[in-house]
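The values are calculated or read from the model by the stated rules, or taken from the named source; none is laboratory data. Predicted model, so just to flag it, every value in this text is computed and none were measured. So basically every Cβ, Gly included, is an ideal-geometry build from the backbone, and we count neighbours across all protein chains shown.
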Amino acid sequence: MLNSDFGINEGKFKIPLLFGEVDPDLDRFIMMEDFIKKDLDHWLANLYFELEKVNLMDIKVESSTNRLFYKPVGGLSA
């Protein structure tokens, strides 16, 4: 996911999920908040997710199934 300068985003994010038809005029978070404040029934839930850069060297292939997996190195030691 890219930011407005086409740089890679990192971090934790929260997105409100709205109930009903898509309104292309809601393009800012403050507009979504005002829309929800007017009628709470428009709010469905919040979606929380985290974006993290992955080094290609940290991606491994499971030999028996040929499935890719990512296992980050935790702690201070490799």
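Sort out which residues of region 21-38 are surrounded by 10 or more Cβ atoms within 10 Å (Cβ to Cβ) and either more than 19 Å from the chain's Cα centre (by Cα) or at positive phi (or both), and write them in order of number. Don't jump to the end; show me each part of the working.
As a first pass, look at region 21-38 and keep what is surrounded by 10 or more Cβ atoms within 10 Å (Cβ to Cβ): 23, 26, 29, 31-37.
Once the filter is applied, which keeps residues that are surrounded by 10 or more Cβ atoms within 10 Å (Cβ to Cβ) and either more than 19 Å from the chain's Cα centre (by Cα) or at positive phi (or both), region 21-38 yields D23, M31, D34, F35, I36, K37.
What's the total number of residues in region 7-30 that are in a strand (DSSP E or B) and under 15 Å from W43 (Cβ atoms)?
The total comes to 5.
What number of residues in region 39-59 are among the hydrophobic types (A, V, I, L, M, F, W, C), under 21 Å from the mean Cα position of the chain (by Cα) and in a helix (DSSP H, G or I)? Working first, answer last.
Kept after step one, since they are among the hydrophobic types (A, V, I, L, M, F, W, C), are these residues of region 39-59: 40, 43-45, 47, 49, 51, 54, 56-57, 59.
Subsequent filtering for residues that are under 21 Å from the mean Cα position of the chain (by Cα) retains 43-45, 47, 49, 51, 54, 56, 59.
This time we only want the ones that are in a helix (DSSP H, G or I), so: 56.
Total meeting the criteria: 1.
Could you grab me the full set of residues in region 1-44 that are in contact (Cβ under 8 Å) with a residue 12 or more places away in the chain and of a type in the set (S, T, N, Q)?
Selection gives N9 alone.
Can you tell me which of (1) at pLDDT 85 or above; (2) under 21 Å from the mean Cα position of the chain (by Cα); (3) surrounded by 10 or more Cβ atoms within 10 Å (Cβ to Cβ) is the one F69 doesn't meet?
Every condition holds for F69 apart from (1).
Can you name the residue in region 39-56 that is hydrophobic (A, V, I, L, M, F, W, C), out of contact with any Lys or Arg (no Cβ under 9 Å at 6 or more places or on another chain) and under 18 Å from I8 (Cα atoms) and is also surrounded by the fewest Cβ atoms within 10 Å (Cβ to Cβ) among such residues? Reasoning before the result, please.
Restricting attention to region 39-56, the residues satisfying the condition of being hydrophobic (A, V, I, L, M, F, W, C) are 40, 43-45, 47, 49, 51, 54, 56.
If we keep only those that are out of contact with any Lys or Arg (no Cβ under 9 Å at 6 or more places or on another chain) too, we end up with 40, 43-45, 54, 56.
Now restrict to residues that are under 18 Å from I8 (Cα atoms): 54, 56.
Details: V54: 10, L56: 5.
Filtering first and then ranking leaves L56.
If you check every pair at least six apart or on different chains, which have Cβ atoms under 8 Å apart with a residue in region 54-68 that is at negative phi first and a residue that is in a loop (DSSP other than H, G, I, E, B) and of a type in the set (A, V, I, L, M, F, W, C) second?
D58/V73
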